[in-house]
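Working notes, beginning with the structure itself.
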């Protein structure tokens, strides 16, 4: 049921458009089986959201372990990897993020799992990029200043991606091939790195 729900949420991007009947039909189960596990659709969504956030965080850990870009001390390589990571995450979870954002206007806590996962990802990626920038700038800028720059630049990128989720299609559609390279360039510019 969880995978069926996730697939349907990704398709619709709106929990209001999703019915319990759709979920159980897609999962090949019954409404009774749904209610034995979940009190209501909101509870179901929270479980799906938690599942997706756990999978996403696990993916980031695996990516950092296996992709050589994350072991680089080159700030440009790391900046591109960070921007690419966020673009992939938003593309992969567009529907869930959209549903979470729409629900957050009604239930303030519905975006919290996404924020918490993002904070965990930031703990993994920000220090790497700060260290690379510190070395690249010949240790002339304090790490605290660099951390602020990295976090501020990331907030701009994430804000743009959130806006794209809410207003897709727009000039920066999540499906555009130009989005990833554009955000990489903008992220580098925010960090005063060469294009």
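The values are calculated or read from the model by the stated rules, or taken from the named source; none is laboratory data. Here the structure is a predicted model, which means the values were calculated and not measured. Quick reminder, even Gly has a Cβ in these numbers, built from the backbone with ideal geometry, and neighbours come from all protein chains shown.
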Given the conditions (1) crowded, with 18+ Cβ neighbours inside 10 Å; (2) in contact (Cβ under 8 Å) with a residue 12 or more places away in the chain; (3) within 20 Å of residue 7 (Cα to Cα), and given that residue 134 satisfies all but one, which numbered condition is not satisfied?
(3)
Taking the options 185, 175, name whichever one is surrounded by fewer than 16 Cβ atoms within 10 Å (Cβ to Cβ), at negative phi and part of a loop (DSSP other than H, G, I, E, B).
175
Those residues of region 159-172 which are in contact (Cβ under 8 Å) with a residue 40 or more places away in the chain and either surrounded by fewer than 16 Cβ atoms within 10 Å (Cβ to Cβ) or touching a strand residue (DSSP E or B) at 6+ places or on another chain (Cβ under 9 Å) (or both) amount to 166
Return the pairs, sorted by first residue and then second, in which the second residue is surrounded by 12 or more Cβ atoms within 10 Å (Cβ to Cβ) and not in a helix (DSSP H, G or I), the first residue lies in region 144-158 and is touching a residue at least 12 places away in the same chain (Cβ under 8 Å) and on the phi < 0 side of the Ramachandran plot, the beta carbons are less than 7 Å apart, and the residues are 6+ apart or on different chains.
149/191; 150/191; 153/191
May I ask you to verify whether residue 86 is within 18 Å of the chain's Cα centre (by Cα), buried (at least 20 other Cβ atoms within 10 Å of the Cβ) and under 30 Å from residue 138 (Cα atoms)?
yes
Pick from region 148-167 the residues that are touching a helix residue (DSSP H, G or I) at 6+ places or on another chain (Cβ under 8 Å) and closer than 14 Å to residue 91 by Cα: which of them is modelled with the lowest pLDDT?
166
Given the conditions (1) more than 22 Å from residue 179 (Cβ to Cβ); (2) free of Cβ contacts under 8 Å to residues at least 24 places away in the same chain, every one holds for residue 69 apart from (1)
